[in-house]
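Reading through the structure tokens given below for one structure.
The values are calculated or read from the model by the stated rules, or taken from the named source; none is laboratory data. Keep in mind it's a predicted model, so treat the numbers as computed, not measured. All Cβ positions, even for glycine, are placed from backbone atoms using ideal geometry, and neighbour counts span all protein chains on display.
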């Protein structure tokens with residue numbers, strides 16, 4: 001079974017007061033995070049941590065080599081769920097906002113390196129625009145044996161039709177869907193335009209000189225521990241391609 | 001644009017608003033009825049999938065019934081709402097479309113599948129379903145030299161909207177039909193709040209500018225104090241009028257008119273997107289919980305806890 005961690009930020013009053021961001025508060029952050037948490041725990045998975053608001057720190061996902069502490073948090077669990085405001089930089093790096101500077105207000109994906117010698121297999125970020133679909137390879141550095149990053153290529157809505165998304169994703173995972181399908185289906189209500197995307201890396205046989213063997217990819221084969229197959233880790237040396245799957249309306 | 005102009009702009013996009021609207025009771029289902037509907041749903045899906053669905057493994061969980069199907073798929077039935085979903089056993093990156101086809105032909109394919117699924121049968125009297133939107137799930141890849149391939153089309157999803165009387169029922173797609181590249185059914189979900197048929201009230205409707213003002217008040221509460229005026233941040237995306245259907249894990253007694261708004265915050269370091277719903281009647285027929293939940297109570301985090309965790313890991317590594 002899996003160990004998972006949850007971080008959710010609903011209030012951004014400190015970031016606004018500090019002049020760091022104009023980001024508004026969210027409403028349904030913990031509807032989603034609690035639903036995700038309770039569904040997985042009821043299926044026997046272990047919650048390693050659940051941090052909320054100013055207890056969520058950017059150092060939790062920043063690589064230890066970069067002065068962060070991912071070894072104790074995000075890189076110490078199989079599955080990590082985070083909800084906050086996000087965006088991407090002009091060069092395609094993901095960024096996410098925190099409500100406390102521990103030690104920075106924002107995290108940037110060039111400082112993530114997940115999976116290394118540790119645990120992280122899947123990261124799920126309910127945040128707007130953390131993936132630039134025109135520059136997906138800008139995220140390549142985060143895959144140090146990480147399997148799949150689940151994010152958004154445009155807005156993700158905070159509202160009354162998306163308040164069950166966390167539970168939907170978790171239910172899909174425990175019902176045996178692949179991680180990629182669980183995310184895309186779970187955060188989509190097929191009405192409001194959430195923009196889910198899942199990104200992974202593949203080996204040379206998957207790239208197959210550009211004639212992709214999709215059936216070999218994490219997108220097709222990776223399930224949550226205890227609910228189906230989990231492919232072996234791919235070290236950076238084994239990675240030959242980056243693959244992504246998304247929904248658009 | 002100042003706030004007054006913003007309100008006018010939103011109100012204009014709501015379209016023609018009636019002075020009064022009907023309020024309907026929602027048909028409620030006992031567990032027995034839910035299971036009866038489930039068997040009918042599975043029987044229809046079985047014809048389309050050409051796979052047996054009558055010998056599934058039925059498991060009743062807290063708030064839903066899960067049916068594991070003999071060929072590897074599953075179906076889920078939510079007790080609070082009667083929502084139903086069937087998922088077949090096709091892996092997500094198998095049965096891809098040979099090429100990215102024109103939207104019109106994809107719509108035809110999904111409409112044909114929806115017809116075979118007889119989705120219209122789930123709507124009640126004086127109710128209908130209409131095609132709303134085509135969604136596409138695609139995939140792409142790039143090599144180490146950032147050489148990207150042309151996207152492949154994995155699935156298409158046809159979303160349908162439930163209409164009661166003359167008003168749409170907003171919420172998650174009332175029906176969503178997902179089709180694989182072979183034309184095979186990948187999944188189908190039905191999330192329809194069927195009315196009892198007879199209106200229980202004929203309520204005066206609030207003007208759209210009044211509702212738009214309420215939406216902006218809610219938004220203002222979320223945005224807090226900022227040096228940038230709210231009206232300069234807001235980009236209204238959509239403002240609609242109709243009934244609402246709550247999510248599938250929630251029970252609901254009535255279909256009452258509401259205004260629904262989608263507002264994005266653009267041009268700021270953080271992208272933001274908010275949905276709002278406000279009653280379109282002075283009397284509250286459907287109480288909405290708009291406060292949001294709180295996180296579980298856990299011990300407050302301190303720097304020490306992080307240090308302890310790091311130390312514990314170092315100790316484990318040392319051992």
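Observations, loosely collected:
- Taken together, the residues in the range A:196-215 that are free of Cβ contacts under 8 Å to residues at least 60 places away in the same chain and either in a loop (DSSP other than H, G, I, E, B) or over 28 Å from residue B:158 (Cα atoms) (or both) amount to 12.
- Considering B:107, B:100, B:76, B:67, the condition of being in a helix (DSSP H, G or I) and either within 12 Å of chain A (Cβ to nearest Cβ) or surrounded by 14 or more Cβ atoms within 10 Å (Cβ to Cβ) (or both) is satisfied by B:107 alone.
Residue-wise test of (1) in a strand (DSSP E or B); (2) farther than 19 Å from residue B:266 by Cα; (3) more than 12 Å from chain B (Cβ to nearest Cβ).
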residue: A:134; (1), (2), (3): no, yes, no
residue: A:139; (1), (2), (3): no, yes, no
residue: A:150; (1), (2), (3): yes, yes, yes
residue: A:154; (1), (2), (3): no, no, no
residue: A:163; (1), (2), (3): no, yes, no
residue: A:167; (1), (2), (3): no, yes, no
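- Verdict on residue A:16 being facing chain B (nearest Cβ under 8 Å), closer than 11 Å to residue A:83 by Cβ and surrounded by fewer than 24 Cβ atoms within 10 Å (Cβ to Cβ): no
Quick grid of which residues meet (1) free of Cβ contacts under 8 Å to residues at least 24 places away in the same chain; (2) more than 7 Å from chain A (Cβ to nearest Cβ); (3) more than 26 Å from residue A:83 (Cβ to Cβ); (4) not in a strand (DSSP E or B):
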site	(1), (2), (3), (4)
B:212	no, yes, yes, yes
B:221	yes, yes, no, yes
B:235	no, yes, no, no
B:252	no, yes, no, yes
B:269	yes, no, no, yes
B:286	no, yes, yes, yes
B:295	yes, no, no, yes
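- Residue selected from the range A:57-70 under the condition surrounded by fewer than 22 Cβ atoms within 10 Å (Cβ to Cβ) and over 25 Å from residue A:18 (Cα atoms), by the criterion nearest to the other protein chains (Cβ to nearest Cβ): A:64
- Of the residues making up the range B:145-174, those that are in contact with a helix residue (DSSP H, G or I) (Cβ under 8 Å, 6 or more places away or on another chain) and away from chain A (no Cβ under 14 Å) number 0.
- Residue list for the range B:140-171, filter: assigned to a loop (DSSP other than H, G, I, E, B) and surrounded by fewer than 23 Cβ atoms within 10 Å (Cβ to Cβ): B:144, B:145, B:146, B:147, B:149, B:150, B:151, B:165, B:166
- Here residue B:142 meets each of (1) under 14 Å from residue B:189 (Cα atoms); (2) in contact with a helix residue (DSSP H, G or I) (Cβ under 9 Å, 6 or more places away or on another chain) with one exception, condition (1).
- All positions within the range B:10-28 that are more than 30 Å from residue B:79 (Cβ to Cβ) and in a loop (DSSP other than H, G, I, E, B): B:14, B:15, B:16, B:17, B:18, B:19
- Among residues of the range A:220-232 that are at positive phi, those with a beta-carbon under 7 Å from a residue that is buried (at least 21 other Cβ atoms within 10 Å of the Cβ) at least six positions away or on a different chain give the pairs A:226/A:2.
- In the range A:18-117, counting only strands (runs of 3 or more DSSP E) that sit wholly within it, the ones holding 3 or more residues that are at pLDDT 95 or above and within 22 Å of residue B:268 (Cβ to Cβ) span A:86-88, A:94-97, A:106-108.
- Subset of the range B:223-271 (residues that are farther than 30 Å from residue B:164 by Cβ and touching a strand residue (DSSP E or B) at 6+ places or on another chain (Cβ under 7 Å)): B:233, B:234, B:235, B:265, B:266, B:269, B:270, B:271
- Against the numbered list (1) in the same structural domain as residue B:14 (by TED's automatic domain parsing); (2) within 30 Å of residue B:28 (Cβ to Cβ); (3) surrounded by 19 or more Cβ atoms within 10 Å (Cβ to Cβ), residue B:199 comes up short only at (3).
- Subset of the range A:177-188 that is at the interface with chain B (Cβ under 7 Å from one of its Cβ atoms) and touching a residue at least 24 places away in the same chain (Cβ under 8 Å) - its residue that is surrounded by the most Cβ atoms within 10 Å (Cβ to Cβ): A:180
- Of residues in the range B:30-53 being in a loop (DSSP other than H, G, I, E, B) and touching a helix residue (DSSP H, G or I) at 6+ places or on another chain (Cβ under 7 Å), the one farthest from residue A:174 (Cα to Cα): B:52
- Pick from the range B:112-135, criterion in a loop (DSSP other than H, G, I, E, B) and farther than 12 Å from residue B:195 by Cβ, ranking: farthest from the other protein chains (Cβ to nearest Cβ): B:118
- Residue list for the range A:94-104, filter: farther than 10 Å from residue A:129 by Cα and buried (at least 21 other Cβ atoms within 10 Å of the Cβ): A:97, A:98, A:99
- Filter result for the condition that a residue is facing another protein chain (nearest Cβ under 9 Å), touching a residue at least 24 places away in the same chain (Cβ under 8 Å) and more than 17 Å from residue A:201 (Cβ to Cβ), over A:103, A:54, A:107: A:54
- Identity of the residue in the range A:23-44, touching a residue at least 24 places away in the same chain (Cβ under 8 Å) and out of contact with any helix residue (DSSP H, G or I) (no Cβ under 8 Å at 6 or more places or on another chain), that ends up farthest from the other protein chains (Cβ to nearest Cβ): A:44
- Per the listing A:209, A:215, A:172, the residue uniquely facing chain B (nearest Cβ under 7 Å) and either in contact with a helix residue (DSSP H, G or I) (Cβ under 7 Å, 6 or more places away or on another chain) or more than 30 Å from residue B:215 (Cβ to Cβ) (or both) is A:215.
- Qualifying residue in the range A:223-237 (condition: buried (at least 24 other Cβ atoms within 10 Å of the Cβ) and either modelled with pLDDT of 95 or more or more than 23 Å from residue A:126 (Cβ to Cβ) (or both)): yes
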